[in-house]
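Novice: Can you keep this structure in mind? I'll have questions shortly.
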Amino acid sequence: MAKTEPLKRIQRVYGRRQGKPLTLARASALETLLPILEIPLSALPEDGTRDIQDWFQTPVTRAILEIGFGNGEHLIGIIESQPEAHVIGVEPFTNGMAAFLKSAQSLPTRDHIRVLMDDAMLVVRSLKPNSLDSIYILNPDPWPKKRHFKRRIVRPETVEEYHRVLKPGGQLICATDVDELAEWMCTQIIRYPGFDWTAGCADDWRKMPENWIRTRYEIKGEKAGRQQTYLIFKKKDLGSANIKKG
């Protein structure tokens, strides 16, 4: 009988999944909260049919996704400033997820929160069209080497998926302090005919948007002399967006 080869797991996340050892408080938060808040892989079929309501027990009227939330400061800010919204935070790295969950312990309720410690495209590809009001991609890994561009979270095939799951008028909000990456993200998104860039002048992408939630990473970069670029795109109405693949 021929020997059966084991199935290979598709590599979705690159880089180390964990850095320095977790503190006891963060390890405890990860152990207790992650099983409660994480969307199970069995609920992520990647077939574009999943109703976001399936992941929450309370009625969803406004939904926000943050991809790669780092330590979760921005995500916590959204939760506190928009308590009516349901949020999904995706962070593949253990240290960041643990930091966020430790902060989430002090929130009065966690009914509106779901997380995933894996590849964000599992969530995006699973959702049915017109599911999300906003998608945030803040300071993603720049993957500066050309051979790694295919790992960037903003690229043609992901932009198409972001458009699909956003509601008409929904926003795709990106930020980075890497100039080359800012140019890359802007180019990839404006090439897709389903998005309008909301900037009317240079100040619109150089100046911090109103009510922006700052993170320690952003402040640290500013002190080091790095300029943050803010890119906000709006999904066109389905009737006015003549989408042609390829």
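Novice: With the condition kept exactly as written, say whether any residue in segment 33-40 is crowded, with 17+ Cβ neighbours inside 10 Å and either modelled with pLDDT under 85 or more than 19 Å from the chain's Cα centre (by Cα) (or both).
Specialist: Looking through segment 33-40, at least one residue is crowded, with 17+ Cβ neighbours inside 10 Å and either modelled with pLDDT under 85 or more than 19 Å from the chain's Cα centre (by Cα) (or both).
Novice: May I ask you to list the residues in segment 69-102 that are touching a residue at least 60 places away in the same chain (Cβ under 8 Å) and among the charged types (D, E, K, R)?
Specialist: Answer for segment 69-102, where residues must be touching a residue at least 60 places away in the same chain (Cβ under 8 Å) and among the charged types (D, E, K, R): 73, 102.
Novice: Tell me which residues, restricted to segment 60-98, are within 20 Å of residue 140 (Cα to Cα), among the β-branched types (Val, Ile, Thr) and over 11 Å from the mean Cα position of the chain (by Cα).
Specialist: From segment 60-98, those within 20 Å of residue 140 (Cα to Cα) are 64-78, 87-98; that's our starting set.
Next, from what is left, pick out any that are among the β-branched types (Val, Ile, Thr): 64, 67, 76, 78, 87-88, 90, 94.
Those that are within 20 Å of residue 140 (Cα to Cα), among the β-branched types (Val, Ile, Thr) and over 11 Å from the mean Cα position of the chain (by Cα): 76, 78, 94.
Novice: Restricting to segment 27-61, give me the number of residues that are under 23 Å from residue 72 (Cα atoms), of a type in the set (D, E, K, R) and in contact (Cβ under 8 Å) with a residue 60 or more places away in the chain.
Specialist: Residues in segment 27-61 being under 23 Å from residue 72 (Cα atoms), of a type in the set (D, E, K, R) and in contact (Cβ under 8 Å) with a residue 60 or more places away in the chain: 1 in total.
Novice: Just the residues that are in a loop (DSSP other than H, G, I, E, B) and of a type in the set (Val, Ile, Thr), please, taken from segment 197-235.
Specialist: The answer is 198, 213, 215.
Novice: With the checklist (1) farther than 12 Å from residue 234 by Cα; (2) buried (at least 20 other Cβ atoms within 10 Å of the Cβ) in hand, flag the one item residue 147 doesn't pass.
Specialist: (2)
Novice: Related question: Would a scan of segment 135-154 turn up a residue that is out of contact with any Leu (no Cβ under 8 Å at 6 or more places or on another chain), hydroxyl-bearing (Ser, Thr, Tyr) and modelled with pLDDT of 95 or more?
Specialist: no
Novice: Which condition breaks for residue 236 when tested against (1) surrounded by 14 or more Cβ atoms within 10 Å (Cβ to Cβ); (2) under 30 Å from residue 50 (Cβ atoms); (3) touching a helix residue (DSSP H, G or I) at 6+ places or on another chain (Cβ under 7 Å); (4) not small (Gly, Ala, Ser)?
Specialist: Every condition holds for residue 236 apart from (3).
Novice: Report whether or not residue 101 is over 16 Å from residue 40 (Cα atoms), surrounded by 20 or more Cβ atoms within 10 Å (Cβ to Cβ) and over 13 Å from the mean Cα position of the chain (by Cα).
Specialist: Values: over 16 Å from residue 40 (Cα atoms): yes; surrounded by 20 or more Cβ atoms within 10 Å (Cβ to Cβ): yes; over 13 Å from the mean Cα position of the chain (by Cα): yes.
Yes: the conditions hold for residue 101.
Novice: Exactly one condition in (1) out of contact with any strand residue (DSSP E or B) (no Cβ under 6 Å at 6 or more places or on another chain); (2) in contact (Cβ under 8 Å) with a residue 40 or more places away in the chain; (3) among the hydrophobic types (A, V, I, L, M, F, W, C); (4) not in a loop (DSSP other than H, G, I, E, B) is not met by residue 182; state its number.
Specialist: (1)
The values are calculated or read from the model by the stated rules, or taken from the named source; none is laboratory data. What you see is a predicted model; the values in this text were computed from it and never measured. Reconstructed Cβ throughout: ideal geometry from the backbone, glycine too, with neighbour counts over all protein chains shown.
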